[in-house]
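Accompanying notes for the structure given below.
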Amino acid sequence: MISATCVAPVNIALIKYWGKRHEDLILPVNDSISMTLSTDELCAKTTVCASESFEENRMWLNGEEVPFEGSSRLQRCLKEVRRLALSNGSTKVPPAWKLHIASVNNFPTAAGLASSAAGYACLVYSLSRLYGIPLDEELTTVARQGSGSACRSLYGGFVQWHRGALDDGSDSVAKQIAPSNHWPQMHVLILVVNDERKKTASTKGMQQAVKTSQLLKHRVDKVVPERIEQLRDAIAAHDFQTFAELTMKDSNQFHAIALDTYPPCVYMNDVSHRIVSFIHDYNEIMGSYQAAYTFDAGPNACLYVLEENVPHLLNAIQKVFPSGSIENTTYLRGLSVPKVDNSHSLESAKQSKIDSLDINARNAFRYIIHTKVGEGPTELSADNSLLSNGLPLGH
Ligand code: PMV
């Protein structure tokens, strides 16, 4: 029996991927750029195990067995990994051996965070370790076929997924723009919003957008190519002002396209819109961009903020959206936040403007996660395995 256990990160797009030019190969209509989040706070963990004695392929997700043959995307990833193993001359896993796979997320699925990106990145990376194939651009084409955004979770730091031009998708790859230690001060607050609505799944939402949104054509032809260049430059120059403006504008355009889709897709809710207007008020009071919001296909806000500005931002959030105590680690999860002391207090004019902001909404957030830019996937030692003798622990 051989096995590999790995963790892989979540990534949050700054320039969004929305729309496919090929459904099965998952080829996007435009390039996208994301930042990878630290696996200390959010990650998927996967164990893949191969043995001569397994009678069939089996898989467990968050402890529940799921039909292995039921997912065409999973089948495709496995087929591609085997093809790469063959072309690399790796014979680590004999072709007749069956697989057992267990995968968990360390964050609640109810948080509505992009779990499929971390999940497929972790699956493909763990398979690559098991089969003995390198992490390179070609491996990102395999993760892409599990879930588009998963290809960006194979690298840490800042990552660009190139749409590519070839019909077979071989040039639709993710590449690292800058490693996490290029801008380690880049922190993130995820505001997990209370919301029970049923939203259109991203696959369906994208299909409808490509079919019906005129605005998407303009975005793909004109807007994204310019933004990609500008954001790459901003990241290279540690230019938070440009970074923040592009990120917020791109989130807004993505949601404008969702509304321009017919019938429309509504992902943000009332609280999301209140967060947007709060961040604009806050930045205005502070006299420069101190925080930037972005929203994926759901109502939760992801706020990018430099480390030194986290305490003041969090104080203002607490004032405007009182929900829970930041002393309480089930409300404020993840990295701890230093208290604002006298040596770091705001100028009094700014402080009094913050103090005079009205309460916008109470109990709007379930909790807040504080995290930062992080590394790509890593392999863990065997004592971290989720399988014992090929079965989930506790079975
Ligand atoms: O990879 P998917 O199908 O989960 O789509 C991700 C879409 C967005 O999260 C909204 C944008 C992105 O680039 O991650």
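Before moving on, here are some points about what is shown:
- On Cα atoms only, tilt of 72-87 relative to the major axis of the chain in degrees: 60
- Tensor-based shape of the stretch 52-208 (alpha-carbon gyration tensor, a/c under 1.5 rounded, otherwise prolate or oblate): oblate
- Segment Leu61..Gln214, full-extension length gain: 51.2 nm, with 0.36 nm per residue of separation and the alpha-carbon distance subtracted.
- Per residue, the stretch 186-372 exposes an accessible area of 47 Å² to a 1.4 Å probe, with every protein chain left in place.
- Residue among His187, Ala349, His280 farthest towards the positive dipole end of the chain, charges placed on Cβ: His280
- Burial order of peptide ranges 300-309, 48-57, 323-332 (average beta-carbon count within 10 Å, highest first): 300-309, 48-57, 323-332
- Ellipsoid semi-axes in whole angstrom, largest first, where each is sqrt(5λ) of the Cα gyration tensor of the chain: 37, 24, 19
- Heavy-atom accessible area for Thr200, with the other protein chains in place and a 1.4 Å probe, reaches approximately 50 Å².
- Distance between the pseudo-spin-label points of Lys249 and Ile2 (7 Å out from Cα toward the beta carbon): 5.0 nm.
- Near the amide H of Arg21, within less than 5 Å, lie the amide hydrogens of Leu27, Val29, all on another chain or at least 5 residues away, with H placed in the peptide plane.
- Each of Ile177, Leu99, His370 was placed along the dipole of the chain (beta-carbon charges, centred on the mean Cα), and the one lying farthest toward the positive end is Leu99.
- For Leu14, nonlocal amide neighbours, meaning residues 5 or more places apart or on other chains whose placed amide H falls under 5 Å from its own, are Ile33, Ser34, Met35.
- Charge dipole (debye, nearest 20) of the chain; +1 at Cβ of Lys and Arg, -1 at Cβ of Asp and Glu: 720
- Proximal charge balance of Pro263 [Cβ under 12 Å; K/R count +1, D/E count -1]: +1
- Spacing of the two label points (7 Å from each Cα toward its C-beta) at Lys79 and Asp171, in nm: 2.5
- Cα radius of gyration and Dmax for the stretch 186-372 (Å): 17.5, 56
- The chain, accessible surface, carbon-and-sulfur percent (1.4 angstrom probe): 49
- Site pair Ser336 and Ser381 shows an inter-label distance of 2.7 nm when each label is modelled 7 Å from Cα along Cα→Cβ.
- In this Cβ point-charge picture (+1 for Lys and Arg, -1 for Asp and Glu), the stretch 186-372 has a dipole of about 740 debye about its Cα centre.
The values are calculated or read from the model by the stated rules, or taken from the named source; none is laboratory data. Since the model is a prediction, treat every value here as computed from it, not as a measurement. When we count neighbours, we look across all protein chains shown, and the Cβ atoms used for this are built from the backbone with ideal geometry, even at glycine. Areas reflect the complete protein model, heavy atoms only, side chains present, ligands, DNA and RNA absent. Shrake-Rupley method; radii C 1.70, N 1.55, O 1.52, S 1.80 Å.
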